[in-house]
Amino acid sequence: RVVFNGFAGQSFGAFSTHGLTLVVNGATNDYLGKGLSGAKLIIRVPNGASFASHKNIITGNVCLYGATAGEAYINGLAGERFCVRNSGAKAVVEGIGDHGCEYMTGGTAVILGKIGRNFGAGMSGGIAYIYDPEKKYAKTIANDALNILPVEHLEDMAQLHELIENHYNYTMSGLAEQLLTNWEKEVKNFVKILPEEYRQALLRLEQENETINQ
């Protein structure tokens, strides 16, 4: 576990692997966690900061590009192309710019704020949960390849709660605390983004398992 204070440059935590926990009290630049391979990245506002984390940028563009495993908890806004080509990492962030989750093939992204334009272009796998209290993103994500679903299954609720709880425990996010305090109400304000291609693959896998167990 290594703790840094200040501003990190390009590609902080790139290719970092299992067993590492890297904490930044400050901010980071582009390509945070590029090729993340199992490490845990925690980016949080400095102690004593008076600004609202969910209204301020804390990391740059193209975070978690090509990540294959690991976790990232980002206590603020990220730039464009968040989780592009992510195939296995879990990430929580408080808002992103345009082109989020492009070509994502696996993993889980939780976005607790705005998502910008062109979300999920080319996304064929993985799951994204988006906080959408104004019910607007279901209308703006114009992509027939993506299913936009309510978070109503117990498994989905448990996964989402766990990730937001982790986000709070690691970053002390005020936004995460608010969501957890009012969970029964707030969980209804999330939507689940599930690519149709991925949904079909999960159904085939489930059918194969049922056949094997018969």
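The values are calculated or read from the model by the stated rules, or taken from the named source; none is laboratory data. Source: prediction; values computed, not measured. Neighbour counts run over all protein chains shown; Cβ positions are idealised from the backbone, glycine included. Only protein heavy atoms, including side chains, enter the accessible area calculation; ligands, DNA and RNA are left aside. Shrake-Rupley method; radii C 1.70, N 1.55, O 1.52, S 1.80 Å.
Please find, among 203, 175, the residue that is over 24 Å from residue 65 (Cα atoms), touching a helix residue (DSSP H, G or I) at 6+ places or on another chain (Cβ under 6 Å) and of a type outside the set (Gly, Ala, Ser).
On the way: 203 fails: touching a helix residue (DSSP H, G or I) at 6+ places or on another chain (Cβ under 6 Å).
Just one listed residue meets the conditions, 175.
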List the number of the failed condition for residue 168; all other conditions in (1) open to solvent by 40 Å² or more (accessible area, probe 1.4 Å); (2) modelled with pLDDT under 95; (3) within 30 Å of residue 50 (Cβ to Cβ); (4) not hydrophobic (A, V, I, L, M, F, W, C) hold. (2)
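Pick from 62, 24: which is open to solvent by less than 60 Å² (accessible area, probe 1.4 Å), modelled with pLDDT of 95 or more and farther than 21 Å from residue 120 by Cα?
Checking each option against the conditions leaves just 24.
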If we keep only residues of segment 115-149 that are closer than 20 Å to residue 189 by Cα and of a type in the set (Asp, Glu), then the residue least open to solvent (accessible area, probe 1.4 Å) is 132
Checking residue 117 against (1) modelled with pLDDT of 95 or more; (2) farther than 19 Å from residue 180 by Cα, the condition it does not meet: (1)
When every residue in segment 28-45 that is open to solvent by 20 Å² or more (accessible area, probe 1.4 Å) and in contact with a strand residue (DSSP E or B) (Cβ under 8 Å, 6 or more places away or on another chain) is compared, the one nearest to residue 75 (Cα to Cα) is 44
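Checking the structure you have, find out if any residue of segment 176-198 is aromatic (Phe, Trp, Tyr) and not in a helix (DSSP H, G or I). Give the derivation first.
Within segment 176-198, the first condition is being aromatic (Phe, Trp, Tyr), and the residues that meet it are 183, 190, 198.
Narrowing the set further to residues that are not in a helix (DSSP H, G or I) leaves 190.
The answer is yes; a qualifying residue exists.
Quick one: is residue 163 assigned to a helix (DSSP H, G or I), hydrophobic (A, V, I, L, M, F, W, C) and open to solvent by 30 Å² or more (accessible area, probe 1.4 Å)? Quick ask: steps written out before the conclusion?
Working: assigned to a helix (DSSP H, G or I): yes; hydrophobic (A, V, I, L, M, F, W, C): yes; open to solvent by 30 Å² or more (accessible area, probe 1.4 Å): no.
Judged against the criteria, residue 163 is not a match.
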One residue is enough: does segment 83-100 have a residue meeting the conditions among the basic types (Lys, Arg) and over 16 Å from the mean Cα position of the chain (by Cα)? no
Identify the residue in segment 100-111 that is surrounded by fewer than 23 Cβ atoms within 10 Å (Cβ to Cβ) and β-branched (Val, Ile, Thr) and, among all such residues, is nearest to residue 56 (Cα to Cα). 108
Identify the residue in segment 65-99 that is of a type in the set (Val, Ile, Thr) and either crowded, with 24+ Cβ neighbours inside 10 Å or out of contact with any Ser or Thr (no Cβ under 6 Å at 6 or more places or on another chain) (or both) and, among all such residues, is nearest to residue 115 (Cα to Cα). 96
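Does segment 1-15 hold any residues that are open to solvent by less than 50 Å² (accessible area, probe 1.4 Å), assigned to a loop (DSSP other than H, G, I, E, B) and over 18 Å from residue 84 (Cβ atoms), and which are they?
Residues of segment 1-15 open to solvent by less than 50 Å² (accessible area, probe 1.4 Å): 6, 8-9, 11-14.
Going one step further and asking which of them are assigned to a loop (DSSP other than H, G, I, E, B), we end up with 9, 11-14.
Result: 9, single match.
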Check whether at least one residue in segment 129-151 is part of a helix (DSSP H, G or I) and in contact with a Lys or Arg (Cβ under 6 Å, 6 or more places away or on another chain), and report yes or no. no
